[in-house]
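For reference, the structure discussed in these notes is given below.
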2 protein chains.
Amino acid sequence: MSTTRGFEKVINYVLELIQSGNLKIGSELPSERQLTNILELSRNSVREGLRSLEDMGIIKSLHGSGNYISGSISENMQRSFESMILLRSISMKEIISFRKSIELSVYELAFENKNKTVYIEKLSVILKDFLSQPLEEQIKRDTKFHRLLVSMAENQILDIVMGSISKVYLDWVRDVLSDMDNLGMQHLHEAHLRIYKSLAEENKVEGIRAIEEHYSIIEKNVW
Amino acid sequence: MSTTRGFEKVINYVLELIQSGNLKIGSELPSERQLTNILELSRNSVREGLRSLEDMGIIKSLHGSGNYISGSISENMQRSFESMILLRSISMKEIISFRKSIELSVYELAFENKNKTVYIEKLSVILKDFLSQPLEEQIKRDTKFHRLLVSMAENQILDIVMGSISKVYLDWVRDVLSDMDNLGMQHLHEAHLRIYKSLAEENKVEGIRAIEEHYSIIEKNVW
């Protein structure tokens with residue numbers, strides 16, 4: 001019991017320092033020894049608490065240097081999603097349905113982005129000569145294309161959530177694209193082109209249709 | 001360095017047992033003593049690894065009983081989102097924009113749910129006499145209404161993501177509703193009613209319009 005209370009004291013203490021503005025992103029935490037003295041805890045409890053904070057993505061431990069406030073939670077979420085897939089509590093069907101609906105949201109925000117020209121140029125580079133690339137390069141570009149749409153939406157939460165499931169999704173993209181015949185690949189590429197063009201030509205209705213077409217091609221190839 | 005490797009060994013060992021099907025949700029983990037022997041680690045390293053697994057939401061530690069595979073990651077994500085808000089790396093504007101776009105996705109999936117009758121009845125109960133309720137009850141019901149829409153979408157990932165930001169969102173809902181005048185509250189309630197009716201009457205276009213109206217009322221009251 002005392003161990004649990006101990007490590008929670010460390011978490012609460014650090015969260016309070018953040019809340020009060022005494023610790024910001026990049027700030028160095030008090031040392032393990034200092035925390036041991038301030039909180040009157042054992043070294044083990046302090047270490048356990050610091051481990052928790054690192055697992056939450058709140059701090060980053062640099063060996064031989066100390067602990068710093070990082071505020072990067074993407075990796076942490078990614079592991080959580082991975083373990084859920086592993087435990088089979090989320091099905092591929094749910095992931096695809098989730099991806100499709102998020103992508104529609106992402107598209108709407110990307111479409112409204114007033115500085116979209118740079119993104120649109122990058123999309124065009126990714127799609128150039130797509131079909132003549134080797135499979136591994138096609139997989140890479142497919143992922144890049146969808147990640148770029150998310151960046152274009154310029155919403156950090158969407159970015160984190162999509163980034164978190166992207167590793168899980170990548171394995172799945174590899175499976176789907178490896179099994180797909182030439183005609184399927186061509187259709188998928190055409191859907192990507194239509195999404196890109198709809199942004200360049202400011203045709204939202206066409207873009208939403210293209211995303212729906214994109215996922216119906218995938219669904220046809222998965223089931 | 002050796003401590004880091006130690007705790008990672010524990011994580012990898014447990015993940016392998018899950019991947020091979022030897023540990024499922026509800027399964028009990030080997031005891032700390034057993035892990036110490038199997039992995040040839042110190043008790044401290046084993047404890048640190050178990051703490052990490054618990055932080056990821058993969059195991060649940062029951063005092064005096066042992067560690068069990070839990071596969072519940074919602075709390076963990078919620079804390080991560082909270083700390084990001086705390087660190088001011090996500091703005092309220094982004095949360096609202098995220099909520100709005102996710103809610104549109106949720107609505108589309110909820111609309112397609114073939115077993116939506118039970119949910120629709122529950123929505124109607126929540127909205128009954130809404131305006132004559134005290135503020136705290138209105139806040140509760142507002143949250144319930146939106147959570148129910150998410151359940152209706154029957155997608156676990158959306159559920160986890162929305163559940164994770166709901167505590168953060170709750171504080172914000174309280175602020176917005178407390179500041180809102182009677183007319184504002186009435187408009188918000190009407191938007192909820194329209195969303196509910198659009199589901200009952202299978203009018204998707206009207207539902208999407210009502211969600212957009214809902215968030216434009218909120219945006220008007222926040223900025």
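The values are calculated or read from the model by the stated rules, or taken from the named source; none is laboratory data. This one's a predicted model, so the numbers in the text were calculated from it and none came from an experiment. All Cβ positions, glycine included, derive from the backbone under ideal geometry; neighbour counts span all protein chains shown. Surface areas here come from the heavy atoms of the whole protein model, side chains and all, with no ligands, DNA or RNA. Shrake-Rupley method; radii C 1.70, N 1.55, O 1.52, S 1.80 Å.
A few comments on the model shown:
- Average partner coverage of A:51-58, which counts Cβ from other chains inside 10 Å: 6
- Relative to the Cα centre, the charge distribution of the protein assembly as shown, modelled as +1 at Lys and Arg Cβ and -1 at Asp and Glu Cβ, gives a dipole magnitude of about 800 debye.
- Apportionment of accessible area to carbon and sulfur, segment B:6-70, percent (1.4 Å): 45
- Scattering from segment B:6-70 was approximated by placing one identical point on each alpha carbon and applying the Debye formula without solvent; log10 I(q)/I(0) at 0.22, 0.23 1/Å stands at -0.86, -0.95.
- Straight-line reach from B:LYS220: taking Cα to Cα under 15 Å and skipping same-chain neighbours fewer than 8 places apart, the aspartates and glutamates in range are B:ASP175, B:ASP179, B:ASP181, B:GLU212.
- Trypsin sites (Lys or Arg not before Pro) lying in DSSP loop within segment A:14-66, provided at most 15 other Cβ fall within 10 Å: A:LYS24
- Rounded D (µm²/s) - segment A:123-185, Kirkwood Rh over Cα pairs, Stokes-Einstein at 25 °C, 0.890 mPa s: 195
- Solution diffusion estimate, µm²/s, Stokes-Einstein, the protein assembly as shown, Kirkwood Rh from C-alpha pairs, 10 °C, viscosity 1.306 mPa s: 66
- Ligands, DNA and RNA left out, the 1.4 Å accessible surface of segment A:75-221 is 49% carbon and sulfur atoms.
- For chain A, hydrophobic long helices are taken as DSSP H runs at least 20 Å long by C-alpha position along their axis with mean Kyte-Doolittle hydropathy of -1.0 or more; these are A:2-19, A:92-112, A:135-153, A:156-179, A:182-200, A:204-222.
- With all protein chains modelled, accessible area of A:HIS63 [1.4 Å, Å²]: 110
- In a DSSP loop and with at most 11 other Cβ atoms within 10 Å, the GluC sites (Glu not before Pro) in segment B:1-42 are B:GLU40.
- Among the trypsin sites (Lys or Arg not before Pro) in segment A:109-145, those placed in a DSSP loop whose Cβ has at most 15 other Cβ atoms within 10 Å are A:LYS114, A:LYS128.
- Accessible area expressed per residue, the protein assembly as shown, with surrounding protein chains retained (probe 1.4 Å, Å²): 49
- The chain A residue nearest the rotation axis shared with chain B, using its Cβ and rounding the distance to whole Å, is A:ASP55, 2.
- Within a Gaussian network of chain A (alpha carbon springs, distance under 10 Å), most fluctuating of A:VAL150, A:VAL173, A:VAL205: A:VAL205
- Interface residues in segment A:88-113 - accessible area drops by 20 Å² or more relative to the isolated chain, probe 1.4 Å: A:SER89, A:ILE90, A:GLU94, A:SER97, A:PHE98, A:SER101, A:ILE102, A:SER105, A:LEU109
- Placing a label point 7 Å from the Cα of A:ASN44 along the Cα-to-Cβ direction, the distances to the matching points in the other copies come to 0.9 nm, shortest first.
- Over all pairs of different C-alpha atoms in chain B, the reciprocal of the mean inverse distance, the Kirkwood hydrodynamic radius, equals 20.2 Å.
- Buried accessible area, chains B and A (both chains, 1.4 Å probe, Å² to nearest 100): 4500
- Candidates B:VAL173, B:SER42, B:SER61 compared by Cα position along the dipole of chain B: farthest toward the positive end lies B:SER42, with charges placed on Cβ.
- Pseudo-label separations to other copies for A:SER151 - Cα-to-Cβ vector, 7 Å, nm: 4.0
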